[in-house]
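A.B. asks: Structure provided below as structure tokens; questions to follow.
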Amino acid sequence: MSSSDGPEQSQQPSATAEEEQLTNQFAQVTLEQFIHLDDQQKALVPKARRKKLERLMKEQERKEQKAKERAQAVEAERMLKLEESKNIQIQEDPSLPPATLIKIRDTKQYLDQRVAVQGWVHHLREDGKKLLFIELRDGTGFLQCVLSDILCQTYDALTLHREATVLLKGTLTSDERAKGSFPGIELRVDYWKLIGPSPSEIENILTHESNPDILLNNRHLVIRGTRTSTILKLRSIITQCFREHFFDRGYVEVFPPTIVQTQCEGGSTLFQLDYFGEPAYLTQSSQMYLETAIAAVGDCFCILPSYRAEKSSTRRHLAEFHHIEAECPFIQFEDLLLKIEDLVSDVMKRVMDKASDLVLSLNPNIRVPKRPFRRMTYEDAIRYCQENNIYKDEATKMHFEFGDDIPELPERKMTDQINEPIFLIRFPVSLKSFYMKKCQDNPKLTESVDLLLPGVGEIVGGSMRIDNLDELLEAYKREKMDPSPYYWFTDQRKYGSAPHGGYGLGLERFCCYLLGLYHVRDVCLYPRYKDRCKP
């Protein structure tokens, strides 16, 4: 044997050493691992360990077989019970007083009386074989209802699932354990009828782990939930309070078209369409039409959809949103600020007066902001960002300079740090729309305003409007716009011009602020944004 053979043999473990290594490896195998080994691998497990695992495996197989048999027996019993339940019929007792059909919101008025309620099964819970608790939802509230004895032994009762629609009749009674919109009151059911069944799959369509796309694809089911239905009701109340504010202040509601042939906020966000062979757009704002209405009705407002073809998917952007817009003649810039301040504070107060319990259930920390709101010029905002290291570019630590547009994220960071409503005013002409009036003391600035709120950012944009004909014509020219499609808008400066101003408020953003919600999509029935146009 050559001298080189020795080291080569020492590098190769002997068969015995290899077996010993495998035996040591399998000595620590668990029962779960042992079950999945093949016979050759099982043979490598030490004998005592192998026998113990084989015994445990057989015990587990016996347990699994018994569990399977029990499950089959339970299923057989359930099927037999279901078959037998088909023979159980319930009839309304004619000796009982007639049931008054009510909405759940009217529950308190009918305590100790026999009533009938219709709605959807929001939740249900069995308590043994002879009690079934249903939390009923009818859109006006939630009511705990109790079915007992034969009422919960029918086929319909045994196959009842969430979201089924039912008619329940019974007596409203006091029970301190009862939950719902009116705690302490429950319906003791004496007769019921299934109106529309719901399949068992409802339990698996939506879960706490469902991703946002699944939730949005099934928005028609999501809105039935307690939280989302509360948000939709509050949005209705908030909209009502805006209208009440305007009517109380003497405004007239007008209804401008939403199919237009002019642009208001720049061409890059227009949705174009074919209008009987002519080019047209979905409106970006109704402001210009409101300006024409002030000579007819004075102070006016509208609540209508606006459309922006923005490719942004941030938490505060939508392709379709509801725009609350107002226009007022014979005012100055400070008057405009006071009107916006009055609008926001008054509407919040009205909402809290009407539905504070619902608001506080979503946003327990909400407070009506103190007046006056803080005023901050655009120049002051640039300086604040510079002094507080809010950068134009976080990567390069580049600071904002005068003339830069302050994007959403830095603007919101500044607002959240200051933590109070801010009127951001006097923006440069280059950053604002062509129709905004210039400041008399500095023609490089505009009499413009954005209202910024903590947690949300901008919710209102407004300005005084150019009221001089020559100045408006010059603005068209500066922006390289053809004035001919805007003849009707230009005429407002030709036939009796007057100083005037107005604003637009995003309803969804306002709702987010008031209700403490993170995303504008949460306050929409069916949100529309980039890549989402269903259901």
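The values are calculated or read from the model by the stated rules, or taken from the named source; none is laboratory data. Here the structure is a predicted model, which is why all the values come from computation and not from measurement. Positions of Cβ are generated from backbone atoms using ideal geometry, with glycine treated the same way; all protein chains shown enter the neighbour counts. Note: accessible area is taken over every heavy atom of the protein model, side chains too, but ligands, DNA and RNA are not part of it. Shrake-Rupley method; radii C 1.70, N 1.55, O 1.52, S 1.80 Å.
A.B. asks: Just the number please: accessible area per residue for the chain, 1.4 Å probe, all protein chains included, in Å².
C.D. replies: 54
A.B. asks: Give me the distance between the Cα centres of the stretch 229-296 and the stretch 438-468, rounded to whole Å.
C.D. replies: 19
A.B. asks: Hey, another quick one. Report relative contact order for the chain in percent, whole number only (criteria: Cα-Cα under 8 Å, sequence separation at least 6).
C.D. replies: The normalised contact order for the chain reaches 10 percent.
A.B. asks: With a ≥ b ≥ c taken as the square roots of the eigenvalues of the C-alpha gyration tensor of the stretch 24-81, please select rounded if a/c is under 1.5 and otherwise prolate if a/b is larger than b/c or oblate if it is not?
C.D. replies: Judged from the Cα gyration tensor, the stretch 24-81 comes out prolate (a/c at least 1.5, a/b above b/c).
A.B. asks: Another one. Can you pull the semi-axes for the stretch 396-443, root of five times each eigenvalue of the Cα gyration tensor, sorted largest first, whole Å?
C.D. replies: 23, 15, 10
A.B. asks: Same structure, new question: Any chance you could run the full-extension gain for H220 through F247? It's 0.36 nm times the residue separation minus the Cα-Cα distance, nm to one decimal.
C.D. replies: Full extension of this stretch gives 6.4 nm more.
A.B. asks: Just check the stretch 394-535 against the gyration tensor rule for me: Cα atoms, a ≥ b ≥ c as the square roots of the eigenvalues, rounded for a/c under 1.5, and otherwise prolate or oblate depending on whether a/b exceeds b/c.
C.D. replies: Because a/c hits 1.5 or more and a/b exceeds b/c, the stretch 394-535 counts as prolate.
A.B. asks: As an exercise, find the ratio Rg/Rh for the stretch 366-432 from alpha-carbon atoms, using the Kirkwood inverse-distance average for Rh.
C.D. replies: For the stretch 366-432, the value is 0.99.
A.B. asks: Which trypsin sites (Lys or Arg not before Pro) from the stretch 140-239 combine a DSSP loop assignment with at most 10 other Cβ atoms within 10 Å?
C.D. replies: Those satisfying the criteria are R177.
A.B. asks: Step through the table entries K63/K129; K103/K169; K86/K129; K370/K392; K444/K477, compare each Cα-Cα distance with 19 Å, and write down the pairs that go over it.
C.D. replies: K63/K129; K370/K392
A.B. asks: Non-local amide H neighbours of C439 (under 5 Å, H modeled in plane, Pro and chain starts lacking H): which ones?
C.D. replies: L445, T446, E447
A.B. asks: Ok, one more. So what J values fall out for the stretch 270-285 if you push phi through Karplus, 6.51 cos²θ - 1.76 cosθ + 1.60 with θ = phi - 60°, rounded to Hz, Gly and Pro as x?
C.D. replies: Along the stretch 270-285, the couplings run 8, 8, 8, 8, 8, 10, 6, x, 10, x, 8, 9, 7, 5, 8, 6 Hz.
A.B. asks: Determine the share of the chain's accessible area contributed by carbon and sulfur atoms, expressed in whole percent, with a 1.4 angstrom probe.
C.D. replies: The nonpolar share, carbon plus sulfur, comes to 50 percent.
A.B. asks: Which chymotrypsin sites (Phe, Trp or Tyr not before Pro) in the stretch 242-342 sit in a loop by DSSP (not H, G, I, E or B) and have at most 15 other Cβ atoms within 10 Å of their own Cβ?
C.D. replies: Passing sites in the stretch 242-342 are F276, F330.
A.B. asks: Using only protein heavy atoms and a 1.4 Å probe, report how much of D441 is accessible, in Å² to the nearest 10.
C.D. replies: Answer for D441: close to 110 Å² accessible.
A.B. asks: For the stretch 392-400, take each phi angle, set θ = phi - 60°, evaluate the Karplus expression 6.51 cos²θ - 1.76 cosθ + 1.60, and give the result in whole Hz per residue in order, putting x for glycine and proline.
C.D. replies: 5, 9, 5, 5, 9, 6, 7, 7, 6
A.B. asks: Same structure again: Over all distinct alpha-carbon pairs, what is the Kirkwood Rh of the chain in angstrom?
C.D. replies: Its Kirkwood hydrodynamic radius stands at 29.6 Å.
A.B. asks: Separation between the Q40 and K494 pseudo-spin-labels, each 7 Å from Cα along Cα→Cβ, expressed in nm?
C.D. replies: 9.6
A.B. asks: Something else now. Arrange the peptides 205-218, 372-385 so that the one whose residues have, on average, the most other Cβ atoms within 10 Å appears first.
C.D. replies: 372-385, 205-218
A.B. asks: Now, a different point. For the stretch 131-199, what's the relative contact order in percent, using C-alpha pairs closer than 8 Å and at least 6 residues apart?
C.D. replies: Rounded, it is 35 percent for the stretch 131-199.
A.B. asks: Per residue of the stretch 470-484, what does 6.51 cos²θ - 1.76 cosθ + 1.60 with θ = phi - 60° give for ³J(HN,Hα)? Whole Hz please, x for Gly and Pro, Karplus curve as stated.
C.D. replies: Result, rounded to whole Hz: 4, 5, 5, 4, 5, 5, 4, 5, 4, 8, 6, 9, 6, x, 4.
A.B. asks: Tell me the mean residue ellipticity at 222 nm calculated for the chain from its helices only (DSSP H runs of n ≥ 4, each -39500 (n - 2.57), averaged over every residue, nearest 500).
C.D. replies: Only helices count here, giving -11000 deg cm²/dmol.
A.B. asks: Where in the stretch 419-460 is the amide nitrogen less than 20 Å from a point lying 7 Å along the Cα-to-Cβ axis of R367?
C.D. replies: Within reach of a label on R367, which here means backbone N under 20 Å from a point 7 Å along Cα→Cβ, the stretch 419-460 contributes 419-423, 452-457.
A.B. asks: So, one more: Give, to the nearest whole percent, the P(r) tail of the stretch 132-244 beyond 19 angstrom, counting all Cα pairs.
C.D. replies: Roughly 57 percent, once rounded to a whole number.
A.B. asks: If I take R0 = 41 Å and measure r between the Cβ atoms of N211 and L469 in this structure, what FRET efficiency does the formula 1/(1 + (r/R0)^6) give, to the nearest 0.05?
C.D. replies: My answer for the efficiency is 0.15.
A.B. asks: Given the whole protein assembly as supplied and a 1.4 Å probe, what does the accessible area of S174 come to in Å², nearest 10?
C.D. replies: About 80 Å², ignoring ligands and nucleic acids.
A.B. asks: With r as the distance between the Cβ atoms of K179 and D112 and R0 = 22 Å, compute the FRET efficiency 1/(1 + (r/R0)^6) and round to 0.05.
C.D. replies: Working from the Cβ atoms, E equals 0.70.
A.B. asks: Over the stretch 191-308, consider all pairs of different Cα atoms and compute the Kirkwood hydrodynamic radius from their mean reciprocal separation; express it in Å, one decimal.
C.D. replies: Here the Kirkwood hydrodynamic radius works out to 18.6 Å.
A.B. asks: Residues of the stretch 154-173 with amide nitrogen under 17 Å from the 7 Å Cα-to-Cβ point of S200?
C.D. replies: Zone members listed by number: 154-164.
A.B. asks: Tell me which residues come under 5 Å, amide H to amide H, from Y529 once H is placed; ignore anything under 5 positions away on its chain.
C.D. replies: A319
A.B. asks: For the pair N388 and I259, how long in nm is the line joining their label points, each one 7 Å along Cα→Cβ?
C.D. replies: Computed distance between label sites N388 and I259 equals 4.7 nm.
A.B. asks: List every residue whose amide H lies under 5 Å from the amide H of H123, counting only residues 5 or more places away in sequence or on a different chain, with H placed 1.01 Å from N in the peptide plane.
C.D. replies: Amide H neighbours of H123, under 5 Å, 5+ apart: E135.
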